[in-house]
1. Kindly provide the set of residues from the range A:124-141 that are more than 14 Å from chain B (Cβ to nearest Cβ) and surrounded by fewer than 23 Cβ atoms within 10 Å (Cβ to Cβ), ordered by number.
2. Would you call residue A:224 closer than 16 Å to residue A:15 by Cβ, among the β-branched types (Val, Ile, Thr) and surrounded by fewer than 18 Cβ atoms within 10 Å (Cβ to Cβ)?
3. Among the candidates A:90, A:59, A:9, single out the residue that is within 21 Å of the chain's Cα centre (by Cα) and within 14 Å of chain B (Cβ to nearest Cβ).
4. Any residue at all in the range A:105-123 that is surrounded by 14 or more Cβ atoms within 10 Å (Cβ to Cβ), of a type outside the set (S, T, N, Q) and within 14 Å of chain B (Cβ to nearest Cβ)?
5. For the range B:1-25, how many residues meet the condition of being in contact with a helix residue (DSSP H, G or I) (Cβ under 6 Å, 6 or more places away or on another chain) and in a strand (DSSP E or B)?
6. Spot the failing condition for residue A:112; the list is (1) touching a residue at least 24 places away in the same chain (Cβ under 8 Å); (2) outside any helix (DSSP H, G or I), and only one is missed.
7. Can you name every residue in the range B:26-53 that is in a helix (DSSP H, G or I) and at positive phi?
8. Can you tell me which residue within the range B:14-42, out of those that are surrounded by fewer than 18 Cβ atoms within 10 Å (Cβ to Cβ), within 14 Å of chain A (Cβ to nearest Cβ) and modelled with pLDDT under 90, is nearest to residue A:296 (Cα to Cα)?
Amino acid sequence: MSAIFDLVLGIVTSIGGFVEVGSISTAAQAGAEFEFELLWAIAAATVMVAMLVEMSGRLAAVGRRTVAGAIRERFGIHFQILPLCAELLLDVLLLAAEIGGAAIALTLISGVGFVWWILPVGAVVWILLWTCGFAVLEDGIGLLGLVTLAFVVAAWRLEPAPAALGAGLLPTVPDHDGVRYAFLAVSIIGATVSPYLLNFYASGTIEEKLTEKELWVNRTTAFVGMGFGSVVSMGVLVTAAMVLAPKHIHVDSYEQAALMFVPPFGRWAVGLFAAALGVGCLGAAVEIALNAGYTLAQVFGWTWGANRPRRDAARFSVAFTLILLIAVAIALLGFDPLRLTMISLALTVIILPALVLPFIVLMNDEQYLKQHTSGVAGNVFLAVLTVLSALFALVVVPLEIFGG
Amino acid sequence: MDLVRDVLDKPVVDRHGREMGRVDGIVLERREGAPPTVVGLEIGPAVLGHRLHPLAGRVVESIEYVSGLPRRRAVRIAFADIVQIDVDIKVNAAIAETGAGIVEQGLRAWLRGLPGGR
């Protein structure tokens with residue numbers, strides 16, 4: 001009964017925690033500029049992230065190892081140091097963007113400039129990290145994140161044609177702005193397959209003491225949770241396509257994105273959009289900061305864990321605090337959070353091959369995974385994903401310059 | 001045993017099951033006319049820094065010096081004190097005896113001054 005409860009909770013919180021600043025911005029831009037044509041990119045990215053998340057959870061449940069720790073052990077510090085630095089840089093930028101996103105949500109409600117909200121948002125994130133255990137951080141924020149289902153409700157109220165939605169699930173050659181289309185497709189993948197998500201999920205699996213016998217819980221949570229979570233991202237795209245595209249409104253800021261809620265929700269539009277954006281960003285900010293602490297502690301062999309008293313894992317606690325402080329300082333400089341998000345997503349795509357490649361070795365290591373190593377399908381998926389991610393990494397900078 | 005694959009970078013656990021860090025270096029002794037022998041393991045950020053690049057090692061040493069920590073602070077575990085080499089390296093030592101927890105202990109004392117906290 002407890003396993004079923006954990007499973008349902010895991011799925012629900014995966015849905016609530018799926019949408020954050022990256023997925024909202026890329027899906028809204030994609031819908032506003034290409035209507036339903038990029039729905040396939042969300043679907044493809046969801047399959048990628050669900051497979052990788054399941055593997056991360058399996059590695060943690062069977063081998064008691066997180067992705068960051070296992071990479072240090074199997075590949076050594078010389079292999080890991082550059083991807084590690086890039087991931088930490090990415091975590092800081094993405095964290096600054098999430099804090100900025102939450103601050104803009106408060107601006108939408110209050111009218112006070114978003115820079116004034118950066119410090120309060122940063123303080124709330126730190127207080128949550130300092131005072132709450134893993135279950136509260138993961139489940140509490142995930143449950144609050146169900147407010148992002150407003151995007152699905154909005155899309156449903158707008159009554160899109162099912163045939164057009166179905167057509168959007170198949171990749172097509174766009175009839176305009178091909179470079180921009182490719183840029184947004186790659187950005188959607190960068191927004192969905194976030195490096196922090198994989199190590200965070202593996203760390204959570206160890207925090208929640210999931211065992212080899214509960215691999216079915218891990219598998220179901222990964223595929224069903226991520227699958228339903230992607231419906232929220234698709235809701236953002238569909239709503240933007242139905243509301244913004246006909247009026248030729250491009251999403252250059254979150255304030256413009258909020259307009260998509262006006263036809264389905266009327267006077268509740270701004271409040272609901274702000275709640276969805278704010279909670280989504282706040283949840284992601286907590287996860288990113290926590291994951292930066294996890295990653296550093298696991299790479300260097302420090303004591304770690306959100307379920308431990310903070311003073312008993314002092315280096316871990318100081319690590320997430322410092323990362324948060326740096327991100328708040330960057331956010332205070334007043335960079336446009338949307339622009340910061342798009343730069344972070346390009347960086348995500350650049351480091352994706354270094355993230356995916358180790359999975360091929362780790363998921364076939366019997367010392368970690370015993371009889372649960374990857375089968376043929378898993379290995380073919382990883383090989384294809386490695387090639388694709390290398391290709392994405394090569395094209396993302398030119399695409400950012402010419403289509404971003 | 002493959003020292004690089006099976007020992008280097010593995011987590012080190014003390015006799016009470018507490019994390020001591022990771023194997024940041026392996027100390028070998030060269031002898032005339034004989035193969036080198038393993039003297040022990042080293043744990044410490046400066047060791048890791050030197051392994052990456054001498055400059056990185058010197059930067060870490062400088063940070064440790066400025067922070068009031070002993071220079072070239074490294075914890076050395078004698079080979080004879082290695083109890084088991086598996087997924088973790090279990091050693092017959094305690095974190096408090098070796099000085100591996102010096103930074104952790106210092107930060108704990110500092111964090112005690114902060115209110116709240118789980």
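1. The answer is A:139, A:141.
2. Here the answer is yes, as residue A:224 does meet what is asked.
3. A:59
4. no
5. In the first step, residues of the range B:1-25 are kept if they are in contact with a helix residue (DSSP H, G or I) (Cβ under 6 Å, 6 or more places away or on another chain); the result is B:9-10, B:14, B:18, B:20, B:24-25.
Now narrow it down to the ones that are in a strand (DSSP E or B): B:20, B:25.
Within the range B:1-25, residues that are in contact with a helix residue (DSSP H, G or I) (Cβ under 6 Å, 6 or more places away or on another chain) and in a strand (DSSP E or B) number 2.
6. For residue A:112, the failing item is (1).
7. First, the residues of the range B:26-53 that are in a helix (DSSP H, G or I): B:45-52.
Residues satisfying the conditions do not exist here.
8. Initial filter on the range B:14-42 (surrounded by fewer than 18 Cβ atoms within 10 Å (Cβ to Cβ)): B:15-18, B:26-39.
When the remaining residues are screened for being within 14 Å of chain A (Cβ to nearest Cβ), the result is B:16-18, B:26.
Retained after the next criterion (residues that are modelled with pLDDT under 90): B:16-18.
On the way: B:16: 23, B:17: 20, B:18: 17 Å.
Taking the candidates together, the pick is B:18.
The values are calculated or read from the model by the stated rules, or taken from the named source; none is laboratory data. On a predicted model such as this, the values are computed, not experimentally measured, just so you know. In this analysis, Cβ positions are derived from the backbone assuming ideal geometry, glycine residues included, and neighbour counts consider all displayed protein chains.
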